[in-house]
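Q: To start, I am sharing the structure in question, which I have written as structure tokens.
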Amino acid sequence: SKLWNSGSVDQPVKTQYDPCPDGWRVPTYLELGNLKEHASELTTSEGKSGNWFSGSNVYSESVSSVFLPITGDRLAGDGATSSPTNGGKYWSSSPDETKAFYLSFLNTNKYSASISSGYRASGYAVRCVKE
């Protein structure tokens, strides 16, 4: 079901269940996929480790980019947590039958970013985008 996006990946429509504040929404898997095209090496911003993602622009400090910090996560099955040093996982608003798509990246290599699908009961981060 379309819990956070009642539209499509091309034309998302925020639902009442979207966790983002007014004027913001959870990105689609296409938006996250486009964002991951270029990224910085692992770096630190405001005391957090992560990567700057610059989408279709080759990353440099002079291009527009968004920082995604490394996050921990909670597993769907037993609620166990992973180490927040392993990498980052960020939900999209796009379902995949019984699962949903998310952006995943490792803390060691900027080219490790990928789009995968996982159980919706998993506790991954959400990074809101402007509507």
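Q: Based on this model, can you work out whether Gly55 counts as at positive phi, free of Cβ contacts under 8 Å to residues at least 24 places away in the same chain and surrounded by 16 or more Cβ atoms within 10 Å (Cβ to Cβ)?
A: yes
Q: If you don't mind, another one. Report the residue count in region 1-41 for those that are within 26 Å of Pro84 (Cβ to Cβ) and touching a helix residue (DSSP H, G or I) at 6+ places or on another chain (Cβ under 7 Å).
A: 3
Q: Which condition breaks for Gly47 when tested against (1) under 12 Å from the mean Cα position of the chain (by Cα); (2) over 26 Å from Val9 (Cβ atoms)?
A: Among (1) under 12 Å from the mean Cα position of the chain (by Cα); (2) over 26 Å from Val9 (Cβ atoms), the lone unmet condition for Gly47 is (1).
Q: Let me ask another. Of all the residues that make up region 2-49, how many are touching a residue at least 40 places away in the same chain (Cβ under 8 Å), surrounded by fewer than 16 Cβ atoms within 10 Å (Cβ to Cβ), among the small types (Gly, Ala, Ser) and on the phi < 0 side of the Ramachandran plot?
A: Residues that pass the stated criteria total 1.
Q: Looking only at strands (runs of 3 or more DSSP E) that lie completely in region 17-74, which have at least 1 residues being of a type in the set (A, V, I, L, M, F, W, C) and farther than 15 Å from Ser114 by Cβ?
A: 48-53, 66-69
Q: Another question, then. Given the criterion touching a residue at least 40 places away in the same chain (Cβ under 8 Å) and β-branched (Val, Ile, Thr), identify the matching residue among Thr108, Thr98.
A: Thr108
Q: Only one residue in Lys99, Lys89 is basic (Lys, Arg), under 22 Å from Val13 (Cβ atoms) and modelled with pLDDT under 95, so which one is that?
A: Lys99
The values are calculated or read from the model by the stated rules, or taken from the named source; none is laboratory data. What you are looking at is a predicted structure, and each value in this text was computed from that prediction instead of being measured. Counting neighbours? That spans all protein chains shown, and the Cβs are built from the backbone with ideal geometry, glycine included.
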